[in-house]
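To start, the structure under review is shown below, and the notes come after it.
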Amino acid sequence: MKQDCLYGRAMSKQIIELEGVTVRKSGGLLLDGISISMSSREFVGIIGPNGAGKTTLLNVIAGFEKFEGTLSLFGQRESWKRSRETRLRIGYVPQLFQIDPAFPILASEAVMTGSIGRLGLFRSPGRQEKEKTMQLMEMMRVAHLADRPLGQLSGGERQKVSLARAILQQPDILLMDEPTANLDIAVQKEVLNLISEIHKQEDLTILFVTHDFNLLPVAMRRAVLLDSGKTVFDGDIGIAMSSETLSRLFQYPLETFERNGRRFVSYG
Amino acid sequence: MAEHLIDVFTYPPIQRAFVACVLCGASCALLSVFVVLMKMPLIGVSMSHAAFAGAVLGMLLGINPFLSGFIMCLLTAAVLGPLSDRTDMAPENVLGIMFSFLMGLAFLGMGILTKTKADALNLMWGSLLSLSGSDILVLSLITAILVLFVLLFFKEIRSVLFNRRLAAASGIPGKLIYYTLLFLTGAVVSSNLATVGGLLIFALLVQPGATALQLTYNLKHFFIISVASGVGACVSGLIASYIFDLPSGAAVVLMATIIFAAAYIFSPKRRTAKLKKKEYIL
């Protein structure tokens, strides 16, 4: 779907590498020497309780947060300041955010903002961008809402618009910060399936941050568990989701069970 | 009456006041789109007080008050910009502190000024009838720059207004847009000290945008409606002040409020929202 030669992409190389990444803020450690690496096309879950440092980790990779240690993206060392080219290669899907119902932007215009960075200054979105926008809105099942004001859509619909917007940017890495938080249960499931579909169809590395073990996309194979700014587990999602691992990590008796070939956590 | 009005327009000071009104309405209304959609009305207040405080200090020190007002605006922007980017401080608090500090500074200056208090008061209310040709030139120049900024960067502006962080994450120069905006706010506010004054300009930095918010979901129309209502308020305010012998600044602000109230009452957006709510209940 994308032009692979555009930025000299190298397949299955480590495209994200963190080495001893530490983030300090007001005296505390938000991240404490994190070392992780991810290869192209991987789908990795960053999972942990609130305050574990998941969002901080995403912010470091997205270039929103100053840090100590080394971070390499696409084989190049990066600080928190980024070139436009590097930013273009990293897409971002935030948590559902508030928007004034009267705000003057239509759903299709919101998706189209994903193409603005790539177009550069003084160039308007042309037919190609508009077609691609509609294509992605169809893929995300929100094409019928294209001409509706964004603020009038439901939370789930807005998150689907957000996904379409992020893919329109044509990134190599897609960062997702609890994209299904605050949505209705049925809608959460639908959005997770769409995310798995995106991973299947687009040539992307996805980092998916969540605190909920029971709401993971099927496509996610690897889990990095964070607690108090440290990596406490990094490996196969099946092993991460065993009662032993989780109970040991969270120092709380957690049981897991299997249904339809997937593991779930029983909080009760 | 109408003939009399046309007669009046042959006097150069009235012509200048009229042109200034149009320029002031247009420039403030363009800014008000940002002030309203970025939810930062306090930026408008802080900037207008910065301009006012700077101008009063300029009078004290014998500098051109509009120049010193502009410099004070730039200083304020330089403090406000980075501070409101920080996550450990709520922007409302930062702005609240700035605003009261600047007001204190302005009143301190007013207290020390002994002879020229009337001039300083003019900066508060504006004095449309005593504008010079160069005032008009500066106003036109700044309005033209602002119009150009909106036209050239429209798609970036839309992205930044929608979500600054997302815009920055996707390679849009959000910081550049934001700081240009703060800079232009300073320029517009300080150049309009002479027209509507430092206190009343705040109304024009909020009401035209708030009016447009009642009427459209289209950002292009939003800018156009905002400018139309800003210019409309200024011109109709000026005419009303002439006919009924009222202070012009006050008449302009009251006209802006009336236009906003009309837009609010007849807002099609509010009506559809209400209908939807009803459907929901049924």
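Cα centroids of region B:1-64 and region B:169-226: how far apart, whole angstrom?
Distance between centres, Cα-based: 13 Å.
Evaluate peptide A:111-120: per residue, the Cβ atoms of other protein chains within 10 Å of its Cβ; return the mean as an integer.
Rounded to a whole number, the mean comes out at 5.
Counting helices only, and only those DSSP H runs with n ≥ 4, report the 222 nm mean residue ellipticity of chain B as the sum of -39,500 (n - 2.57) divided by its residues, in deg cm²/dmol to the nearest 500.
Result for chain B: -28000 deg cm²/dmol, rounded to the nearest 500.
Could you sort out which of A:K13/A:K230; A:K130/B:K175; B:K220/B:K269; A:K66/A:K230; A:K54/A:K200; A:K13/A:K160 sit more than 19 Å apart by Cα distance in this structure?
A:K13/A:K230; A:K130/B:K175; A:K54/A:K200; A:K13/A:K160
Under the 0.36 nm per residue contour assumption, what length would be gained going from the current alpha-carbon distance of A:H211 and A:F257 to full extension?
Answer, rounded to one decimal: 14.8 nm.
Suppose each label sits 7 Å from its Cα in the direction of the beta carbon; what would the A:D203-B:L75 distance come out to in nanometres?
Simple spin-label model gives 5.5 nm for this pair.
What does the helix-only formula give at 222 nm for chain A: each DSSP H stretch with n ≥ 4 adding -39500 (n - 2.57), the total divided by the residues, and the result rounded to the nearest 500 deg cm²/dmol?
Calculated mean residue ellipticity at 222 nm is -9000 deg cm²/dmol.
How do B:99-106, B:17-24 rank on mean C-beta neighbours within 10 Å, highest first?
Highest-to-lowest ranking by the protection proxy: B:17-24, B:99-106.
Pop the C-beta distance of A:R77 and A:K25 into the FRET formula with R0 = 25 Å and round what comes out to the nearest 0.05.
Between A:R77 and A:K25 the formula returns 0.65.
By Kyte-Doolittle mean hydropathy of at least -1.0 and Cα axial length of at least 18 Å, which whole DSSP H helices of chain B are selected?
Taking the DSSP H segments of chain B (at least 18 Å long, mean hydropathy at least -1.0), we get B:12-37, B:41-61, B:65-85, B:91-112, B:133-152, B:174-191, B:197-215, B:219-243, B:248-265.
Based on alpha-carbon centroids, what's the gap between region A:107-152 and region B:87-150 in Å, whole number please?
Using only Cα atoms, the two centres lie 40 Å from each other.
Any chance you could get the radius of gyration and Dmax over the Cα atoms of region B:2-281, in Å?
19.2, 66
How long is the gain from A:F250 to A:F97 if the chain were fully straight, where each residue apart is worth 0.36 nm and the alpha carbon distance is subtracted?
Length gained, A:F250 through A:F97: 52.2 nm.
Against the longest principal axis of chain A, how steep is helix A:127-139, in degrees 0 to 90 to the nearest 10, with axes from Cα atoms?
So the helix axis and the longest Cα principal axis differ by about 40 degrees.
Within 10 Å of each Cβ in peptide B:170-182, how many partner chain Cβ atoms are there on average? Round it to a whole number, please.
Mean partner shielding for this stretch: 4.
For the pair B:Y264/A:K189, report the inter-label distance in nm, with labels modelled 7 Å from Cα in the Cβ direction.
About 4.5 nm separates the two model spin labels.
If R₀ is 25 angstrom, what is the calculated FRET efficiency for the pair B:L151 and A:E131, using the beta carbon separation as r and rounding to 0.05?
With a Förster radius of 25 Å, E is 0.45.
Each reported figure results from applying straightforward, stated rules to the coordinates on display, with no laboratory input. Values in this document were obtained by computation on a predicted structure and should not be read as measured data. We place every Cβ from the backbone using ideal geometry, glycine too, and count neighbours over all the protein chains shown.
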